[in-house]
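Report on one structure; see the data block that follows.
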Amino acid sequence: MTMEYEKQLENLAINLFEIDAVKFGEFTTKTGLKTPIYFDLRVIVSYPIIMDSISKLLYEFAVKDNNCDHLCGVPYTALPVATLLSIKAKMPMLMRRKESKSYGTKKMIEGHYKQGDTCLIIEDVVTSGSSVLETINDLRKEGLRAEEAIVILDREQTGRKNLEDNNVKLKSLFTMTQLLKILVANKKITEEMSANVKSYLQNVQAPVIATSLQRTLIPYEKRAEQATNVIAKKLFDIMAVKKTNLCLSVDLTTCTQILNLVEEVGDHICLLKTHVDIIEDFHLDFTKKIKEMAQRHNFLILEDRKYADIGNTVSLQHTKGLYKINEWADCVTAHSLPGEGILKALNDQDNERGVFLLAEMSSEGNLITPDYTEATAKMAAKYPHLITGFVCQKRDTFVDPGLIQLTPGVQLESSKDDLGQVYNTPEKVVLENGADVIVVGRGIVKAKNPKTQALVYKNRLWECYEKRISTSK
C-alpha cells in the first residue's frame, strides 16, 4: 500500500472516532457479548465526505481488481456503501431482503442474475460473521457463488475463522488492533484504554458458527462423512462411486418382470424402489434374488411401504406376514402422521436399516401443509440414527447435509397424468428443488428400451448434480 493510502486510512479512523461511529465505554453486541468498544457505523450516512472516503478506500483495496459479477451489501448499514461502490466500479448490485415479501415474487434476492454468477459481499463490521453468512446463504440458495466479503472493520473475535470455515475469504480495511494503534498515535484514546480493549479481545470471543454451506452444494462423498444413518452413508458412497443419483421405481406386478428389468438397468441406479404389495406372484425366493442383484450391481433397496399406523401395528407390518420386509429392504418409507410411535417401532428393529419420512408429495391436491412438513422434520431430528432422509419436493425442507432428499415425480419433460401425478424435469428437481436421489418410474418402465432410457436419465440427472455443486467451487 502507498503512503497516500495509509494516510487516507489514518484520516478515516480519526473521522470515525470524531463522529462517534467508534465509541468507548460498556456496550452489548448483536451476539450478546459485553464489550468496551462499540461501532455504530449507521451514522456515516449523515456524513457524505466520510461515505465517499470509505467507498474510495474499499474500491482501491478490494473492488477495483475484483472480477466478480455482482456486489451485495449486508442489510442495512452496508447498503449505501455497496451502492456507492457499485456506481464507482460500474458493477451490478444485488439486494438481499431481511425477510421475503408476502406477495408478488416473494424473492429474498432482488436484481438480475443467473446461476453460477459470483457475488462480492460488502459489510460494515464483523464480529462473529453471522450477518455476512445469513446473506451468503440466501445468495447460495439462488445458485450464486459468494466466497469473498470486504468489511470496514474486523473486530478480531472469531468472525474471520467462522467465515473461512464456511468457504468465505474476509478482507478488512481495519482490524481492531490497527484501529487502536491509529487512535493512540493520534492521542484520541489513552494507552490504558487501548490495553483494556486488547485484553478484552484476548479473553472474549464471539460464538463459533457451525459450517453452513448449503447442503446441495456439497459433493455426495463429503456428505457421506456427515451422515449418521448407516444407509444414508452407504447411499451417498454408492452415488459417488457409480456416478448416479437415479432411483428406479419398479412398478410391475410379477416377479419375473421385475427381475428382468432390474438385471437390465441395475448398473445405472443407486436405489431400487419397490411396492411389494402389488406383486401378484410374490414369494420369498424373489427377495433373495433381488438382494443378490443389489449386491452384484451395487444399489440399495427401498420398499415404498409408506407405513402410517400405530407403532405396534407398524412393527408387525415390518417384520411379520407374507413379506417380512425387514429381512430384505435396506430402507422403507413412512408417514409422520401417527406421531413418534411409528419411529419408535422402526427404531427398535435392526439398526442397519433406514427410514425415509414422507414430508411432501408430488400429487396434485395433496393435503400436506407447510406446518406438517416442518413438524415432520422436527420429529425426524430426534432419531438421527434411524432417518435416512425425506421424501420431499423442496430444498429447504431440511438443512442437515447428512440426510438425503428423495424426490419422485420426474420425467424428461414436465407433464401431468390422468390421476393427478405432477412430473417435473431433471433440471427442475435437481438444480432448483435440491433433490439428491431422483425417482423415475414409468419414464423407464414403460420405455421401449428401458436400459437405454435408464442411461439417458442417469446421465442427465448426474449432469444436473455436477452443475449444482460446481456453484460452490
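The values are calculated or read from the model by the stated rules, or taken from the named source; none is laboratory data. Because the structure is predicted, anything quoted here is derived from the model rather than measured. Cβ atoms come from the backbone with ideal geometry, glycine included; neighbour counts cover every protein chain shown.
Below are the figures for this structure:
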| quantity | calculated |
| --- | --- |
| Residue satisfying condition, being within 30 Å of residue 453 (Cβ to Cβ), at pLDDT below 95 and assigned to a loop (DSSP other than H, G, I, E, B), within set 412, 337, 431 | 412 |
| Hey, residue 255 closer than 28 Å to residue 336 by Cα, assigned by TED's automatic domain parsing to the domain that holds residue 342 and surrounded by 18 or more Cβ atoms within 10 Å (Cβ to Cβ) or not | no |
| Positions within the range 38-55 being outside any helix (DSSP H, G or I) and under 22 Å from residue 189 (Cα atoms), in sequence order | 38, 39, 40 |
| Residue within the range 94-105 that is of a type outside the set (Phe, Trp, Tyr), out of contact with any strand residue (DSSP E or B) (no Cβ under 9 Å at 6 or more places or on another chain) and in contact (Cβ under 8 Å) with a residue 40 or more places away in the chain present | no |
| Single residue of 277, 371, 309, 348 found to be under 19 Å from residue 256 (Cβ atoms), among the acidic types (Asp, Glu) and surrounded by fewer than 19 Cβ atoms within 10 Å (Cβ to Cβ) | 277 |
| Test: residue in the range 315-323 that is surrounded by fewer than 21 Cβ atoms within 10 Å (Cβ to Cβ) and farther than 27 Å from residue 252 by Cβ | yes |
| Of the criteria (1) assigned by TED's automatic domain parsing to the domain that holds residue 55; (2) in a helix (DSSP H, G or I); (3) in contact (Cβ under 8 Å) with a residue 12 or more places away in the chain; (4) not aromatic (Phe, Trp, Tyr), which one residue 171 fails | (2) |
| Test: residue in the range 250-268 that is within 22 Å of residue 458 (Cβ to Cβ), part of a strand (DSSP E or B), out of contact with any Pro (no Cβ under 6 Å at 6 or more places or on another chain) and at pLDDT 95 or above | no |
